[in-house]
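The values are calculated or read from the model by the stated rules, or taken from the named source; none is laboratory data. What you are looking at is a predicted structure, and each value in this text was computed from that prediction instead of being measured. No Cβ is skipped: glycine too gets one built from the backbone with ideal geometry, and neighbour counts run over all protein chains shown.
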Amino acid sequence: MGVDLVLLGPPGSGKGTQAARLSAALSIPHIATGDIFRALVEAGTPLGQRVKAFLERGELVPDDLVIDVIRHRLGQADATHGFVLDGFPRTVPQAEALDRLLVELGRPLDAVVYLQADRQSLIERLGQRAEVEGRSDDRPDVILHRIDVFLEQTAPLIDYYRRNSKLRLVDGTRLPDAVAASIREVIDSLPRDAV
Ligand code: AMP
């Protein structure tokens, strides 16, 4: 059996890097809503065009659309034995919808790993990524806005998951190997029937 995980954290906290590593180590799909939306934009479909405006401004895509995408993705065969969610949920309504969906599927989340990072290290990392990856939302003004959007709309999820005892905190400011080792400890500490 695999694990059902959420990686939570501000933009630039290393969610994508760590989710990719977990996906490879545990043979579970890495489901990143940001990647799904970028692919939709790339495809240039009407849905992609609708989504593009939100991505470019660093705003969140509307909840109903995001939830539809996740419902569809979690229904695919490779997600039957675990998944690592990266960039979803990002609002309390999304977290509630995920809970309802997982109840329907009879598989509650095993853990939510929160990658903690201070504002300055986020700004530095996203600035570096802008040079390497050329993402249109890694422009300085959009970076600052995305951090604010995180604080307003996504940070409340920390309490949401603390209340249901799913939350595990990991210091995301360290080098990727050290962060990966801490996440591994979290997974190894889960009840045996979860893994
Ligand atoms: P990311 O790659 O996770 O940083 O996401 C890039 C962008 O995709 C975000 O700034 C949002 O515009 C959009 N996005 C990704 N995931 C979500 C989500 N769960 N809810 C709303 N918008 C999202």
Q. How about region 141-156: which of its residues are surrounded by fewer than 15 Cβ atoms within 10 Å (Cβ to Cβ), more than 20 Å from K52 (Cβ to Cβ) and of a type outside the set (A, V, I, L, M)?
A. D148, E152, P156
**Q.** Residue selected from region 116-159 under the condition of a type in the set (S, T, Y) and within 14 Å of the ligand (Cβ to nearest atom), by the criterion modelled with the lowest pLDDT
**A.** S136
Q) Only one residue in G87, G127 is within 18 Å of G9 (Cβ to Cβ) and free of Cβ contacts under 8 Å to residues at least 24 places away in the same chain. Which one? A) G127
Q: Confirm whether L109 is in contact with a strand residue (DSSP E or B) (Cβ under 9 Å, 6 or more places away or on another chain) and among the hydrophobic types (A, V, I, L, M, F, W, C).
A: yes
Q) Conditions: (1) more than 12 Å from the ligand (Cβ to nearest atom); (2) β-branched (V, I, T); (3) modelled with pLDDT of 95 or more; (4) farther than 30 Å from A181 by Cβ. V66 meets all but one. Number of the miss? A) (1)
Q) Is it true that some residue in region 46-55 is at pLDDT 95 or above, more than 10 Å from the ligand (Cβ to nearest atom) and in contact with a strand residue (DSSP E or B) (Cβ under 7 Å, 6 or more places away or on another chain)? A) no
